[in-house]
Amino acid sequence: MRAAVVREVDAPPEPGELPDPQRRNGEALVEVLAAALNPIDVKIASGTFYAGPPEVPYAPGREGVGLVREGDRIAEGTRVRFELDSGYGTNGSVAEFVTVDEAACVPLSDDVEDDVAAALGIAGIVSWLALEKANVDGATVVVLGATGASGQIAVQGAKLMGAKRVIAAARNVDALSRATDLGADAVVPIGDDDLAAALKSAAAGEIDVVIDPLWGAPAVAALKSLRIGGVLVHFGTSAGIEATVPSAPLRGNNITIVGHSNLTTPNEVKARAYGELVKHAIGGRLRVALDVFPLDRIADAWAEQAAFPHRKIVIHVTGS
């Protein structure tokens, strides 16, 4: 089968061939139509993911949209959104065919396009579930990393869940200016200035919740801006894998730090969240910016993903 192939650790994938997958009981054989890239794909290929270097050669990609060709419970021809592991003895979604645990497949309606369905997956689910954990109804919410794919969805999701005020914060000032189009009430650049003070000023009141896909120094600063009893939900390390958290604001303000990972979230929870995202997208209440590449241009797509794009990167696999 045709696939994007990572042949060496810390090398970008290139178009190539891999053996066809063999379906086992409980799995669906899926013909992939569109696959979405994520930061974790680059980390795995580079050997910097916490699970260690991948087993090469392999096809990257942890999610996609495709047509079921064989299955035990899912009918042939059903279009599904799916998740799977890749890089550690298995091929991922940037390949013509994959085998996927049927429990990790979500049937799709005809109302949602392949590209949007793929783009809403991991980035959308992580933001949606983080917002749910924070309970943002009526809250003033800070979204760090608001120009990334997950941050953009978090800004919109916070409003859809009833947030009173949403403050978008990020480093890229040009991209940050678009956050107001997605519903942000205020924007705050992350730079050399006092981020905690800037967030408090933009809040025009107390800050109840911080949604954090960054960690590192921005998360510590945002933590200092929270009200007594405030909540920070953390799910990413784009600004650093470690953070030195001072004791005083944490215990003095009774702050709660909540972690979230899609990797340890049950499939049924992710499927429910994904279904809600899709309904909002179909209804025009939620948008996701994306760039689409054919499989033959996987090197260009990979480079864009590695450069922290302000959009989702989607690969057209079958027929490209």
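Assorted remarks:
- The single condition from (1) crowded, with 24+ Cβ neighbours inside 10 Å; (2) of a type outside the set (S, T, N, Q); (3) modelled with pLDDT under 95 that Asp85 fails is (1).
- Filtering Ala35, Ala51, Ala75 for residues that are touching a helix residue (DSSP H, G or I) at 6+ places or on another chain (Cβ under 7 Å) and not in a helix (DSSP H, G or I) leaves a single hit, Ala35.
- Residue match in the stretch 160-171 (condition: crowded, with 22+ Cβ neighbours inside 10 Å and assigned to a helix (DSSP H, G or I)): no
- Flag if Val116 is over 20 Å from the mean Cα position of the chain (by Cα) and among the aliphatic types (A, V, I, L, M): no
- Yes/no for Ala117 being of a type in the set (A, V, I, L, M, F, W, C), at pLDDT 95 or above and assigned to a loop (DSSP other than H, G, I, E, B): no
- Set Val187, Val210: member being in the same structural domain as Ala146 (by TED's automatic domain parsing), modelled with pLDDT of 95 or more, closer than 18 Å to Ala134 by Cα and surrounded by 17 or more Cβ atoms within 10 Å (Cβ to Cβ): Val210
- Of the residues Ser201, Ser127, the single one that is of a type in the set (Ser, Thr, Tyr), touching a strand residue (DSSP E or B) at 6+ places or on another chain (Cβ under 9 Å) and without any contact (Cβ under 8 Å) to a residue 40 or more places away in the chain is Ser201.
- Ile313 over 17 Å from the mean Cα position of the chain (by Cα), β-branched (Val, Ile, Thr) and surrounded by 14 or more Cβ atoms within 10 Å (Cβ to Cβ): no
- Pairs with Cβ under 6 Å, 6+ apart, first in the stretch 271-295 and within 15 Å of Val80 (Cα to Cα) and not assigned by TED's automatic domain parsing to the domain that holds Val155, second aliphatic (A, V, I, L, M) and part of a strand (DSSP E or B): Ala271/Val106; Tyr274/Val106
- Every residue from the stretch 167-195 that is in contact with a Pro (Cβ under 9 Å, 6 or more places away or on another chain) and without any contact (Cβ under 8 Å) to a residue 60 or more places away in the chain: Ala169, Ala170, Arg171, Val173, Leu176, Ile190, Leu195
- Of residues in the stretch 37-60 being closer than 19 Å to Phe235 by Cα and of a type outside the set (Val, Ile, Thr), the one surrounded by the most Cβ atoms within 10 Å (Cβ to Cβ): Leu37
- Among the residues listed as Gly157, Gly151, the single one being touching a helix residue (DSSP H, G or I) at 6+ places or on another chain (Cβ under 7 Å), under 30 Å from Arg79 (Cβ atoms) and either in a loop (DSSP other than H, G, I, E, B) or not assigned by TED's automatic domain parsing to the domain that holds Asp72 (or both): Gly157
One line per residue, one yes/no per condition, for (1) in a loop (DSSP other than H, G, I, E, B); (2) of a type outside the set (D, E, K, R):
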position	(1), (2)
Val220	no, yes
Arg227	no, no
Val231	no, yes
Gly236	yes, yes
Ala239	yes, yes
Arg251	no, no
Asn254	yes, yes
Ile257	no, yes
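The values are calculated or read from the model by the stated rules, or taken from the named source; none is laboratory data. As the structure is a prediction and not an experimental result, all values here were calculated from the model. Cβ: placed from backbone, ideal geometry, glycine included. Neighbour counts: every protein chain shown.
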